[in-house]
Structure formats: structure tokens, C-alpha cells
Amino acid sequence: MRVLLHSCCAPCSSACVMRLKSLGHEVTLYYSNSNIDTFEEFERRLESLRILAEAEQVDLVVDEYCHDVWLKEVAVGYESEPEKGKRCAKCYRFNLARTANYAREHGFDAFSTSLTVSPHKPTALVFAKGVEVEADLADIGKPFFLEEDFKKKDGFKVSLQRSKDLNLYRQAYCGCEFCRNRSQMAR
Ligand code: SF4
């Protein structure tokens, strides 16, 4: 099956690619992360993903960076939400919708996301947003949302080891300025 994987970052994606390949799927990475502040950070994570794509011999597609659109559609009014709260739910949906649209336009069978690797991301909420996005495409029957909980079978541990092996950049905050500011304040 051809699967388009929304890739939040290289470390998480490393575990997903291994899992999806082991299940016999053909994987394409889709870097769609307009939630990331700043553009330099977006580029830094992308560079690391390029290393992974090369090592795994998989295709990588890069979505445009539109942080201003993300702010307007996701964050306005939700700036002080905690991580895993309402802003994050909208953020998952925003990135998954862009992934699903690309998957539909390019004939993929399914789309999925590396978000479930992280212990900081509630899998049930990520799945709920994936299913919502899938429902928006229901008129044409595919692509469907592949509900793979990548943190199972030691997925997070695998991502740590693979990051070490490939010397992948590991970011200190999820992505947006709101969580970064909170984590800086907490230090
Ligand atoms: S904390 Fe992460 S998931 Fe939540 S809104 Fe910010 S970038 Fe998106």
C-alpha cells in the first residue's frame, strides 16, 4: 500500500518508516509543519529529515511553510492553552488535512502521522483528528487514515536509537512559539 506519512520530525519519523516498511508498505514522507516557529527551526528539522529520507531511500515531499496561516486558523484565541489542549487538537487537524489533501491529489492509498511516536502526544486525540479529516474525503473513498500507534512496540525507544545512529537533530520543544515560551519559562 502507498502511505503518505505526515512527518513531524526526523527522530519520530525514523521509527515510523521502519514500522511501515516492515508491514510491507511503500512510504513517502510529507513534511507539513507550518506550526513550527521559526522558519530557521523549520529548516533545521527539515535538514534532518532529508538525512533520514536518504538513509531509508524513501521519497520526501515538502509542503510550503505558512506559519501566518497556521496562526490565523489554529492559534488565535488559543494562545494560552496548555500542550495537549484545544490548540494542539486544531494543530493536528490542520497538518493532517494538508497531508490528506496531498495524498488524495497524488493517488496514495492512505495517510498517517508520526505524531503518535511521542509520549507527549495523546494518541486517541491524534486518531480522532485523523478520522475527522478522513471523513471530509469520504465522497471519494480514499485515501483512508491509517491508525498506527507508533509508540507501541517501543517505538519511542527505536526513534531514540535511530536518531543516535544517524545523528539526527532532536528539538527541545514541540513546534510553536506558545509551547516554546512555556518551556523556556519552566526552566
Ligand atoms: S504545542 Fe505542538 S501540537 Fe500543540 S499547537 Fe504547538 S506546535 Fe501544535
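The values are calculated or read from the model by the stated rules, or taken from the named source; none is laboratory data. Predicted, not measured: the structure shown is a model, and the values here were computed from it. Here Cβ is always computed from backbone atoms with ideal geometry, including for glycine, and neighbour counts include all displayed protein chains.
Things to note:
- Among the candidates S163, S118, S112, residue that is among the polar types (S, T, N, Q) and over 21 Å from E43 (Cα atoms): S112
- Residue in the stretch 43-79 that is farthest from C176 (Cα to Cα), counting only those that are small (G, A, S) and away from the ligand (no atom under 16 Å from the Cβ): A55
- Subset of the stretch 81-103 (residues that are more than 12 Å from the ligand (Cβ to nearest atom), touching a residue at least 40 places away in the same chain (Cβ under 8 Å) and either polar (S, T, N, Q) or not in a helix (DSSP H, G or I) (or both)): T99
- Flag if Y78 is in a loop (DSSP other than H, G, I, E, B) and not polar (S, T, N, Q): yes
- Y65 meets each of the listed conditions (1) surrounded by fewer than 21 Cβ atoms within 10 Å (Cβ to Cβ); (2) free of Cβ contacts under 8 Å to residues at least 40 places away in the same chain; (3) of a type in the set (S, T, Y); (4) touching a strand residue (DSSP E or B) at 6+ places or on another chain (Cβ under 9 Å) apart from (4).
- Breaking point among (1) over 20 Å from S34 (Cα atoms); (2) more than 16 Å from the ligand (Cβ to nearest atom); (3) at pLDDT 95 or above, for Y169: (1)
- Within the stretch 21-42, tally of residues that are assigned to a helix (DSSP H, G or I), within 16 Å of the ligand (Cβ to nearest atom) and surrounded by 13 or more Cβ atoms within 10 Å (Cβ to Cβ): 2
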